[in-house]
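One structure is given here, and the rest of the page talks about it.
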Amino acid sequence: MTELMEQLRQATGAQHQILEKQAFNQALLNQNLPLQAYIAQLQQYCLLLDVLESCLDKQAHEAVGQIWREDLRKTPWLREDLDFFQTRYELPALPATQDFMHQIQHLAASETADLLGVLYVFEGSTLGASVLLPLLQKNYSFEQQGTAFYRAYGSNTRPHWQAFKAQMNQLTLDATQQAAIIQAAQQSFTHIGTLLEAIYTAQPA
Ligand code: HEM
């Protein structure tokens, strides 16, 4: 059987391509994303990842226990960035964030390993972040501060991803469990697309 991580890559590849071409990410790549949109993404991600991480903390499923570790937690980076911008509590959760939060809570309530599909998407996003980091540093003239989330694991990003991949592939999961994780990852890509679209279109012209 094809390894879980390869299945996830194949099942979400088309969605990833669409996400890369989306206006928010194109603006990041073209170094013309308004700073407020960049901060709004960090803010909304912080709200989301707070929910995801606390659900993962509580999830008793064996497979989640085998994967979820302290060093995968991303809210400390987001809090560091938001402290720098001094805006953490300024915005409420957007409807798209609320929908995604409800989805995460729904998956958590099922007491399955499905949340690993959501984790896969955010973990994988550290790879794209290392491409985007120098661009946003240049665009906003940032040195180090305000970019902790996009710095992620720094020079350790690729090895960190390889280790995550190996651990995910070692899980003992049947085809039904794997399919549910893949579906959760696909739904996460859809939610993130909707959220980034909402943030981008909310910016003043
Ligand atoms: C312009 C924006 C983006 C760029 C340029 C980008 C770029 C990349 C790159 C270069 C990789 C590594 C591909 C490889 O080595 O095989 C990657 C992987 C990945 N990215 Fe992105 N990315 C972007 C946005 C996102 C976003 C917003 C998310 C989700 C929040 C995301 C999720 C992922 C995932 C899950 C993977 C792992 C794919 C796999 O299973 O191998 N990316 N991305």
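Each value in this text was obtained by applying a stated rule to the coordinates, not by laboratory testing. In this text the structure is predicted, and so the values were computed from the model without any measurement. Neighbour counts run over all protein chains shown; Cβ positions are idealised from the backbone, glycine included.
Send over the Kirkwood Rh of segment 4-201, from the inverse of the averaged 1/r over different Cα pairs, rounded to one decimal Å.
With all distinct Cα pairs of segment 4-201 included, I get 17.1 Å.
Å³ per residue of the Cα convex hull, for segment 59-129?
Dividing the Cα hull volume of segment 59-129 by its residues yields 113 Å³.
Using 7 Å Cα-to-Cβ label points, what is the residue 60/residue 141 separation (nm, one decimal)?
Distance between label points: 5.5 nm.
So between residue 202 and residue 176, what do we pick up on full extension, going 0.36 nm a residue minus the alpha carbon distance?
5.5 nm
Find out how many positive minus negative residues lie around residue 113, taking Lys and Arg as positive, Asp and Glu as negative, among other residues whose Cβ is under 11 Å from that of residue 113.
Combined, the nearby Lys, Arg, Asp and Glu give -4.
Where the convex hull is taken over the Cα atoms of segment 1-40, what is its projected area averaged over directions, in nm²?
For the Cα atoms of segment 1-40, the hull's average projected area reads 3.5 nm².
Hey, what angle do you get for helix 35-58 against the long axis of the chain, alpha-carbon based, 0 to 90 degrees rounded to 10?
20 degrees
In angstroms, what radius of gyration and Dmax does segment 80-167 have, counting Cα atoms only?
Here Rg and the maximum Cα pair distance are 15.7, 44 Å.
Round to the nearest 0.05 the FRET efficiency obtained for residue 99 and residue 69 when R0 = 25 Å and r is the Cβ-Cβ distance.
Given R0 = 25 Å and the Cβ-Cβ separation, E is 0.35.
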